[in-house]
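Inspection log for the structure reproduced underneath, given as structure tokens.
The values are calculated or read from the model by the stated rules, or taken from the named source; none is laboratory data. The shown structure was predicted, so the numbers you read here are calculated from the model rather than taken from an experiment. Glycine also receives a Cβ, built like all others from the backbone with ideal geometry; neighbour counts cover every protein chain displayed.
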Amino acid sequence: MTSKATAIAHPNIAFVKYWGRLDDKLRLPMNNSISMNLDPLSTITTVEFSDVYKKDDIQVLDSQTKKSDTSRVTAHLELIRKLMKIVTKARVVSKNTFPQSSGVGSSASGFAALTLAATKAIGLDCSEKELSILARQGSGSASRSVPTGFVEWIAAASSNESFAYTIAPYNHWDIRDIIAIIETSPKRVSSTKGHLQINTSAFYNARLAKLHQTLAEVRTAILEKNFRMFGEAIEAEAISLHVVAMTSKPAIFYWAPATLRLIQAIQNWRLGGLEVYFTIDAGPNVHLICEAKNEQKVKQMIAVLDGVREVLVAQPGEGVKLSENHLF
Ligand code: DP6
């Protein structure tokens, strides 16, 4: 057999973050999370299953793919092959439109695009929910890059119940994620490892106890487009994740000196009337969240700060889609 398909997906930024797992193998999260897909950043992936291939051949263009990343891709193909009860090997070629050095993780967009391209190429027609469940098993946050726009991923004890769905379409709210790149070297501790350390932090349970309220606030703020309520909730939420990371054993400090300088600058800009809030993932880069009308102003303010190497701008994006532009 020979069959090929290509898919394109955006990475996402979590406003309420996934940190900690109930089940490591199935990647079932401890808590619900809420995110937004980031357009125009994207990953495009072509998959071809063919008897010609004696083993899986995986290539990520323009990057030095680590051995560990390739084995996660092979494991994901294996999962999809099992569904079809076939053993045919595949060639996978993948490309990111954003620099790997940007520190924006490509595992979410990567596994979302891989899941759609591989299922289609193998002849499986999956629903959005099924794609999200499958993508989740490659990388948790990938479940959220499957549906369009503003998305919530449900934490559940069984695999079939833990998937992401759209809470508002991408054109619902014109906000921006202005990503200030502070360091271009790889993360000191991967998020995959960070998830394993939650129980070593005395503050983890306090974070979990508050999440129910945070989720309700962020969901409501998105639906009502209440920017202040949204900003205050997502900022406190990001700080709570980093408090857990910093108080884990061994302690994980994702922030660099320039991260803190930027946090303090944002607080000052707000005092001066500029409505901008931050969120930070498992790395030093700062995501500045503002309404579209403030994009230029925020960019100007960042431009004069020390330690910001590059700035990327993203807006709410669609979910994973098929494409006719095959990479081989
Ligand atoms: C801090 O999805 O990268 O970005 O399931 O091990 O692949 P794995 O973890 P991953 O974790 C993302 C952690 C985060 C928060 C978030 O995106 O929700």
Open item on the list: Yes or no: the range 236-248 includes at least one residue that is away from the ligand (no atom under 16 Å from the Cβ), part of a helix (DSSP H, G or I) and under 27 Å from LYS25 (Cα atoms).
Closed with: no
- [ ] Filter the range 76-105 for residues that are in contact (Cβ under 8 Å) with a residue 60 or more places away in the chain, closer than 17 Å to LEU134 by Cβ and part of a helix (DSSP H, G or I) and give the result.
- [x] HIS76
TODO: Name the single residue, out of those in the range 1-32 being more than 21 Å from ALA113 (Cα to Cα) and of a type in the set (A, V, I, L, M), that is modelled with the lowest pLDDT.
DONE: MET1
TODO: Among residues belonging to the range 184-216 that are under 30 Å from ARG228 (Cβ atoms) and touching a strand residue (DSSP E or B) at 6+ places or on another chain (Cβ under 6 Å), point out the one that is surrounded by the most Cβ atoms within 10 Å (Cβ to Cβ).
DONE: THR214
Task: Every pair of residues 6+ apart whose Cβ atoms lie under 9 Å, when the first sits in the range 1-27 and is farther than 26 Å from ILE122 by Cα and within 10 Å of the ligand (Cβ to nearest atom) while the second is acidic (Asp, Glu) and assigned to a strand (DSSP E or B) - done: ILE13/ASP177; VAL16/GLU152
TODO: Those residues that are within 21 Å of the chain's Cα centre (by Cα), of a type outside the set (A, V, I, L, M) and over 20 Å from LYS297 (Cα atoms), I need them from the range 251-284; list them, please.
DONE: PHE253, TYR254, TRP255, ASP281, GLY283, PRO284
Open item on the list: Is it the case, given these coordinates, that PRO11 is within 27 Å of ALA180 (Cβ to Cβ) and touching a helix residue (DSSP H, G or I) at 6+ places or on another chain (Cβ under 8 Å)?
Closed with: yes
Task: Filter result for LEU288 (surrounded by 14 or more Cβ atoms within 10 Å (Cβ to Cβ), part of a loop (DSSP other than H, G, I, E, B) and modelled with pLDDT of 95 or more) - done: no
Task: Which numbered condition ARG136 fails, given (1) out of contact with any helix residue (DSSP H, G or I) (no Cβ under 6 Å at 6 or more places or on another chain); (2) modelled with pLDDT of 95 or more - done: (1)
Task: Qualifying positions in the range 168-205 - of a type in the set (A, V, I, L, M), out of contact with any Pro (no Cβ under 9 Å at 6 or more places or on another chain) and either free of Cβ contacts under 8 Å to residues at least 12 places away in the same chain or closer than 29 Å to GLU275 by Cα (or both) - done: ILE178, ILE179, ALA180
Task: Elements of type strands (runs of 3 or more DSSP E) contained in the range 106-221, each with 1 or more residues being among the basic types (Lys, Arg) and away from the ligand (no atom under 16 Å from the Cβ) - done: 175-181
